[in-house]
Each structure stands twice: as structure tokens, then as C-alpha cells.
Amino acid sequence: VQLQASGGGLVQAGGSLRLSCAASGDTFSSYALAWFRQAPGKEREFVAGISWTGRSTYYADFVKGRFTGSRDNAQNTVYLQMNSLKPEDTAVYYCAAGVKGARTTLTYEYDYWGQGTLVTVSS
């Protein structure tokens, strides 16, 4: 599976962005998908997980109620809708695919990674 993330950009605090991650390969629907982020000088951290059906999602506490993950298996695409953005959300956001479920939060448990898209939130 190859992943290509897009949709990042510069937004003011309180604004919204929607990230997309397009996947190639006919086994996309077999994988759980996740979003991670990495801020400068920090480790990569889990943001959201979406099960292979899309019916189950799991979020890091710091994005609950603000971010929503979803997927369209017909389009081989996973999304991250980000609302009420804060300056501390500034990071490179990565999509990842793995065979475990939506609650998988560790980077080494994911098999495939996209290249990342930069989100910058200004105060």
C-alpha cells in the first residue's frame, strides 16, 4: 500500500482543515488507518485511528471533540477533519496503515506510511 497525504496548510487558530490520504493498492479496505503528527523537536504521536470498515474510531485525548477521522473505501481515501485548531496542533501530519485495529497507537505497529503534510496554526 502506498499512501499520499495532502490538505495541509496555514490556518488561524479556531479554523478548520481537512486532510486527505489517498492510497494505492487493492487491499486498502483490509487495513486500519491512522493519523499521527510530529511537531518540531518532538516524537511522532498518535492522533486518530479508523478501523478497516470505518465504523470504529479512536482519538488521542488532545483532539477529542475537535478532530474526526473517516474513510471512503470506494475511493481508497482516509480523511481527518480538524476543527477548532490550536497553535499547538502545528505539526507534520502523517497517515499510516496497519493490520491491527483503530486503537493501535504505536508507530511500530503500522506497516505503511505516507510522506506527511504540514499543518501550521497561527495564533
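Only the coordinates and a few stated rules stand behind these numbers; no lab work does. These figures come from a predicted structure and were not determined experimentally. Every residue, glycine among them, receives a Cβ derived from its backbone with ideal geometry; neighbour counts consider all protein chains shown.
Anyone know which of ARG44, ARG103, ARG66 comes out most mobile in the 10 Å Cα GNM of the chain?
Maximum among the listed residues: ARG66.
Of the candidates LEU80, LEU33, LEU106, which one comes out as most mobile in a Gaussian network treatment of the chain with C-alpha springs shorter than 10 Å?
Evaluated over the chain, the most mobile residue of the options is LEU106.
Report Rg (one decimal) and Dmax (nearest whole number) for the chain, counting Cα atoms only, units Å.
When restricted to Cα atoms, the chain yields Rg and Dmax of 13.1, 41 Å.
Can you spot the lysines whose alpha carbon is less than 20 Å from LYS86's alpha carbon? Ignore those fewer than 8 places along the same chain.
Output for LYS86: LYS42, LYS64.
Could you name the aspartates and glutamates whose alpha carbon sits less than 14 Å from that of LYS100, not counting residues in the same chain fewer than 8 places away?
GLU109, ASP111
Which GluC sites (Glu not before Pro) in the range 15-123 sit in a loop by DSSP (not H, G, I, E or B) and have at most 11 other Cβ atoms within 10 Å of their own Cβ? Present the calculation step by step, with values, prior to reporting the outcome.
Values: sites: GLU43, GLU45, GLU88, GLU109; in loops: GLU43.
Listed in order of number, the matching sites are GLU43.
SER70 to THR27: extension gain in nm, 0.36 nm per residue of separation minus the Cα-Cα distance?
13.8 nm
Return the whole-Å distance between the Cα centroid of the range 3-18 and the Cα centroid of the range 69-108.
12
Name the shape class, rounded, prolate or oblate, that the alpha-carbon gyration tensor gives for the range 71-115, where a ≥ b ≥ c are the square roots of its eigenvalues, rounded holds for a/c under 1.5, and otherwise prolate holds if a/b is larger than b/c and oblate otherwise.
Details: a/c = 2.01, a/b = 1.34, b/c = 1.50.
Oblate.
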